[in-house]
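Okay, so here's the structure we're looking at.
The values are calculated or read from the model by the stated rules, or taken from the named source; none is laboratory data. Because the structure is predicted, anything quoted here is derived from the model rather than measured. When we count neighbours, we look across all protein chains shown, and the Cβ atoms used for this are built from the backbone with ideal geometry, even at glycine. The area values use the complete protein model at the heavy-atom level, side chains included, leaving out ligands, DNA and RNA. Shrake-Rupley method; radii C 1.70, N 1.55, O 1.52, S 1.80 Å.
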Amino acid sequence: MSSIPEVKIGLEIHVQLTSLKTKLFCPTPSNYRGEEPNTYVCPVCLGLPGTLPVVNKKAIEYAIALALALNCEINDKLVFVRKHYFYPDLPKNYQISQYDGPGFSSIARNGYVKIFVDGKSKIVRIRRINIEEDPGKIHYIGSIETSPYSLVDYNRSGIALLEIVTEPDIESPKEARAFLDKLIAILEYLGITDTSREGAFRVDANISVAGGSRVEIKNIGSIKEVEKALTYEIIRQKNIVGKGGEVKRETRHWDSSKGVTVPLRSKEFEEDYRYFPDPDLPPMIITKTFIESVAKSLPELPDSRIERFIKQYELDEYRATVLVLIKWLADFFEECAKLYNNYKKLADLLITDFLRWVKEFNLSPRELKVQSIHIVKLLQYLDKGVISIKMLKESLPRIVKEGIDIDKLVAEGYTKLDDEIVIEKIVREVMAENPKAVKDALENPKAVNYLVGMVMKKTRGRADPNKTVEIIKRLLDEIRKKS
Ligand SMILES: [Zn+2]
């Protein structure tokens, strides 16, 4: 029997539909970010008495697009409910949402997402997708615990959200990350949201260890933080279980500055919300024709693109997945692949060093000056032996950052050094400067590597390594013959 406690993670993700021009139930523009507080409001999203909500049809279309992309069953009846709770950011004292229970239904259910972790594919089931409105935003002075007062801004109130809930199929922080990466990629391919915008993508995580109580961690802002919060929470719960204690069912808050989760409140139960159908929004019928028209307008999605990359470019699932999940990188790969057909080599360069430098320089895809031809030429020069792999790696940062042409670098003398007379001259210098290393090399063949390293250092990696070794061995033989 294994004594390792079983970890179960379920995620609840709130995604703002940032591509919508207006809020979910009123004509107020949705591009409120960076604006003065309480200026992007109207009587509807302020919850004033006597106002009536009108559904934004485009939001329904986006929800159906996501439901199809996540392989969900779509309900033919769209029912909105009131979820009651009192909070300053919710002026109506209820949130218009959806509820998956007797007499109600979410817009979509029973889907799945395929993820790829540690060389294996795995399915994470989607329990449901709900359409709902975002509440306003409360501003605290300093931290939530010590703020002397709080301010409320209703600009966000009524923004369209999709809530995506998974089954607890995720078994590690790494799998959670793979799932969220995939979900973000799907959202990006669909073009319904820009998840890089502040607050557009929020995650709640439910986690239990060894069949114990579920703990919910609320409102984690990024994938990296989700991974950290889950890692912390697994250790915390395992420690409690290990000492014979019991994990309390509660809601916790992830304090990213301290790297810990702290108790927020005891978990409220679904029945506390007193859901009932919103009388202002009678059920709407979603027709098959409408669903079919949305299905027809879907772009190529990550799963089919991964499959195509495997077939068309003969990549393995790992490389294809890494490329496709970063849409702009996959687009860039395809541009390069028109001009260069060692696809595996191209993919490797893009998903390792190239991507690393893009991140290092903090470049957004739109800012990239590097063109496909720059990368293709670099690989072609490497294939022809004009440059060494070390030089490729050295020149890459400039090419990525400045979009500089490798021809320019080659013209500046940035080529591989394979002129034997020149190499021999440098080898002789190195040997003269390192008499002890020469003595070692005469006795121990392995010590030759040190001299090779010194030559490489002197030539900034440009010396042809094979020729360098040959020349060193020849010169050492000459010394042996003389003595
Ligand atoms: Zn409004």
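Among all residue pairs at least 6 apart or on different chains, which show Cβ distances below 9 Å where the first residue, located in the stretch 280-298, is within 19 Å of Leu24 (Cα to Cα) and assigned by TED's automatic domain parsing to the domain that holds Leu187 and the second is open to solvent by 80 Å² or more (accessible area, probe 1.4 Å) and in a loop (DSSP other than H, G, I, E, B)?
Once the first residue is within 19 Å of Leu24 (Cα to Cα) and assigned by TED's automatic domain parsing to the domain that holds Leu187 and sits in the stretch 280-298, its partners that are open to solvent by 80 Å² or more (accessible area, probe 1.4 Å) and in a loop (DSSP other than H, G, I, E, B) give Asp280/Leu52; Leu281/Leu52; Leu281/Val54; Ile285/Asp76; Ile286/Asp76.
For the stretch 200-215, how many residues meet the condition of being free of Cβ contacts under 8 Å to residues at least 60 places away in the same chain and in a strand (DSSP E or B)?
1
For the structure I just gave you, tell me whether Leu20 is within 15 Å of the ligand (Cβ to nearest atom) and not acidic (Asp, Glu).
Answer is yes for this residue.
List every residue pair whose Cβ atoms lie under 7 Å apart, where the two residues are 6 or more positions apart in sequence or sit on different chains, the first residue falls within the stretch 5-32 and is without any contact (Cβ under 8 Å) to a residue 12 or more places away in the chain, and the second residue, located anywhere, is among the basic types (Lys, Arg) and not in a strand (DSSP E or B).
Taking only residues 6 or more apart or on different chains, the pairs are Pro29/Lys21.
If you check every pair at least six apart or on different chains, which have Cβ atoms under 7 Å apart with a residue in the stretch 53-66 that is among the β-branched types (Val, Ile, Thr) first and a residue that is part of a helix (DSSP H, G or I) second?
Ile64/Ile291; Ile64/Val294
Given the conditions (1) at pLDDT below 90; (2) exposed (fewer than 11 other Cβ atoms within 10 Å of the Cβ); (3) aliphatic (A, V, I, L, M), which single one is not true for Ile285?
The failed condition is (1).
Search the stretch 55-69 for residues being among the hydrophobic types (A, V, I, L, M, F, W, C) and touching a Leu at 6+ places or on another chain (Cβ under 8 Å), and hand back the single one that is surrounded by the fewest Cβ atoms within 10 Å (Cβ to Cβ).
Looking at residues that are among the hydrophobic types (A, V, I, L, M, F, W, C) and touching a Leu at 6+ places or on another chain (Cβ under 8 Å), I get Val55.
From Lys408, Lys377, grab the single residue that is open to solvent by 60 Å² or more (accessible area, probe 1.4 Å) and outside any loop (DSSP other than H, G, I, E, B).
Lys408
Let's see how each residue does on (1) touching a Lys or Arg at 6+ places or on another chain (Cβ under 8 Å); (2) closer than 17 Å to Asp89 by Cβ; (3) part of a loop (DSSP other than H, G, I, E, B); (4) more than 15 Å from the ligand (Cβ to nearest atom):
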{"site": "Leu11", "(1), (2), (3), (4)": "no, no, no, yes"}
{"site": "Cys26", "(1), (2), (3), (4)": "no, yes, yes, no"}
{"site": "Tyr32", "(1), (2), (3), (4)": "yes, yes, yes, no"}
{"site": "Glu36", "(1), (2), (3), (4)": "no, no, yes, yes"}
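If you scan the stretch 169-186, which residues turn out to be in contact with a helix residue (DSSP H, G or I) (Cβ under 7 Å, 6 or more places away or on another chain) and of a type in the set (A, V, I, L, M, F, W, C)?
Scanning the stretch 169-186 gives Ile170, Ala176, Leu180, Ala185, Ile186.
I'm trying to understand the selection: among the residues of the stretch 300-344, which are among the basic types (Lys, Arg), open to solvent by 70 Å² or more (accessible area, probe 1.4 Å) and either closer than 24 Å to Leu368 by Cα or touching a residue at least 12 places away in the same chain (Cβ under 8 Å) (or both)?
Lys338, Lys344
Being in contact with a His (Cβ under 6 Å, 6 or more places away or on another chain), buried (at least 18 other Cβ atoms within 10 Å of the Cβ) and closer than 24 Å to Ser157 by Cβ narrows it down to one of Tyr94, Tyr40, so name that one.
Selected residue: Tyr94, the only one of Tyr94, Tyr40 that is in contact with a His (Cβ under 6 Å, 6 or more places away or on another chain), buried (at least 18 other Cβ atoms within 10 Å of the Cβ) and closer than 24 Å to Ser157 by Cβ.
Could you check, for the stretch 44-61, whether at least one of its residues is modelled with pLDDT of 95 or more, within 16 Å of the ligand (Cβ to nearest atom), of a type in the set (D, E, K, R) and closer than 30 Å to Ser304 by Cβ?
Checked the stretch 44-61: at least one residue is modelled with pLDDT of 95 or more, within 16 Å of the ligand (Cβ to nearest atom), of a type in the set (D, E, K, R) and closer than 30 Å to Ser304 by Cβ.
Asp348: under 20 Å from Ile186 (Cβ atoms), part of a helix (DSSP H, G or I), among the charged types (D, E, K, R) and at pLDDT 90 or above, yes or no?
Taking the combined requirement at face value, the residue does not satisfy it.
Name the residue that is nearest to Arg462 (Cα to Cα), counting only residues in the stretch 384-399 that are open to solvent by 80 Å² or more (accessible area, probe 1.4 Å) and of a type outside the set (A, V, I, L, M).
Taking the candidates together, the pick is Lys390.
Which of the residues belonging to the stretch 70-89 are farther than 28 Å from Ile285 by Cα and surrounded by 15 or more Cβ atoms within 10 Å (Cβ to Cβ)?
Asp89
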